[in-house]
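*Asks:* Supplied in structure tokens, the structure appears directly below.
The values are calculated or read from the model by the stated rules, or taken from the named source; none is laboratory data. Just so it is clear, the structure is predicted and the values come from calculations on it, not from any experiment. No Cβ is skipped: glycine too gets one built from the backbone with ideal geometry, and neighbour counts run over all protein chains shown.
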């Protein structure tokens, strides 16, 4: 029989045990909430990246026709380019960085090879075209780049 049972020391030990359990439970809940918040933020950032892609597609189609456009169309195009630059700035401020390949070759995990072409003048896996840029956020791949590479076999 414990002579301390019912004593202030035993009550204090029970209280400390309960506090430790509560701390562990709250820590676990906090970690889950933070992970969920990070996933939600990543989804919002990915939506913004896709919006930037849409701007890029529009400007790719507009640029060849712009010299024939009237003054008002050129003004509107300039306004939309300003919005695109603002979006790009906000992504940079949030440390969303494009995936780059310093050696010009596709890197597994960072690039998805969508198409290959033969080109005997270039080494294997040299990136010929980026169909969809990839991005990194908080040290993790937000989206892999989709590329066309050299395959000479």
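*Asks:* Can residue 19 be described as more than 30 Å from residue 126 (Cβ to Cβ) and in a helix (DSSP H, G or I)?
*Replies:* Against the criterion (more than 30 Å from residue 126 (Cβ to Cβ) and in a helix (DSSP H, G or I)), residue 19 qualifies.
*Asks:* Could you tell me whether the range 80-88 includes any residue that is over 26 Å from residue 144 (Cα atoms), assigned to a helix (DSSP H, G or I) and out of contact with any helix residue (DSSP H, G or I) (no Cβ under 6 Å at 6 or more places or on another chain)?
*Replies:* Of the range 80-88, the ones over 26 Å from residue 144 (Cα atoms) are 80, 82.
From the residues that got through so far, the ones that are assigned to a helix (DSSP H, G or I) too are 80, 82.
With out of contact with any helix residue (DSSP H, G or I) (no Cβ under 6 Å at 6 or more places or on another chain) added as a condition, the list becomes 80, 82.
Within the range 80-88, one or more residues are over 26 Å from residue 144 (Cα atoms), assigned to a helix (DSSP H, G or I) and out of contact with any helix residue (DSSP H, G or I) (no Cβ under 6 Å at 6 or more places or on another chain).
*Asks:* Taking residue 84 as meeting all but one of (1) within 27 Å of residue 39 (Cβ to Cβ); (2) surrounded by 12 or more Cβ atoms within 10 Å (Cβ to Cβ); (3) outside the structural domain of residue 53 (by TED's automatic domain parsing), write down the number of the exception.
*Replies:* Here residue 84 meets the rest and fails (3).
*Asks:* Could you identify the single residue in 117, 57 that is exposed (fewer than 11 other Cβ atoms within 10 Å of the Cβ) and either at pLDDT below 95 or within 17 Å of residue 151 (Cα to Cα) (or both)?
*Replies:* Numbers: 117 fails: exposed (fewer than 11 other Cβ atoms within 10 Å of the Cβ).
57 is the lone residue from the list that is exposed (fewer than 11 other Cβ atoms within 10 Å of the Cβ) and either at pLDDT below 95 or within 17 Å of residue 151 (Cα to Cα) (or both).
*Asks:* Inside the range 129-153, can you point out the residues that are surrounded by 15 or more Cβ atoms within 10 Å (Cβ to Cβ), out of contact with any helix residue (DSSP H, G or I) (no Cβ under 8 Å at 6 or more places or on another chain) and not in a loop (DSSP other than H, G, I, E, B)? Don't jump to the end; show me each part of the working.
*Replies:* Of the range 129-153, the ones surrounded by 15 or more Cβ atoms within 10 Å (Cβ to Cβ) are 130, 132-137, 142-150.
Retained after the next criterion (residues that are out of contact with any helix residue (DSSP H, G or I) (no Cβ under 8 Å at 6 or more places or on another chain)): 130, 134, 136, 144-150.
Those that are surrounded by 15 or more Cβ atoms within 10 Å (Cβ to Cβ), out of contact with any helix residue (DSSP H, G or I) (no Cβ under 8 Å at 6 or more places or on another chain) and not in a loop (DSSP other than H, G, I, E, B): 130, 136, 145, 146, 147, 148, 149, 150.
*Asks:* A further question on this structure: Name the single residue that is farthest from the chain's Cα centre (by Cα) among those in the range 107-128 being over 27 Å from residue 95 (Cβ atoms) and in a strand (DSSP E or B). Walk me through how you get there before you give the answer.
*Replies:* Applying the first criterion (over 27 Å from residue 95 (Cβ atoms)) to the range 107-128 yields 115-126, 128.
Narrowing further to those that are in a strand (DSSP E or B): 115-117, 126, 128.
Numbers: 115: 23, 116: 25, 117: 28, 126: 24, 128: 23 Å.
Out of the qualifying residues, it is 117.
*Asks:* Whether any residue in the range 93-106 is without any contact (Cβ under 8 Å) to a residue 60 or more places away in the chain, more than 30 Å from residue 153 (Cα to Cα) and in a helix (DSSP H, G or I) is what I want to check.
*Replies:* yes
*Asks:* Only one of (1) in the same structural domain as residue 35 (by TED's automatic domain parsing); (2) touching a strand residue (DSSP E or B) at 6+ places or on another chain (Cβ under 7 Å); (3) farther than 30 Å from residue 34 by Cα is not met by residue 77, so which one is it?
*Replies:* Among (1) in the same structural domain as residue 35 (by TED's automatic domain parsing); (2) touching a strand residue (DSSP E or B) at 6+ places or on another chain (Cβ under 7 Å); (3) farther than 30 Å from residue 34 by Cα, the lone unmet condition for residue 77 is (2).
*Asks:* Spot the failing condition for residue 60; the list is (1) touching a strand residue (DSSP E or B) at 6+ places or on another chain (Cβ under 8 Å); (2) assigned by TED's automatic domain parsing to the domain that holds residue 43, and only one is missed.
*Replies:* Only one criterion is unmet by residue 60, namely (1).
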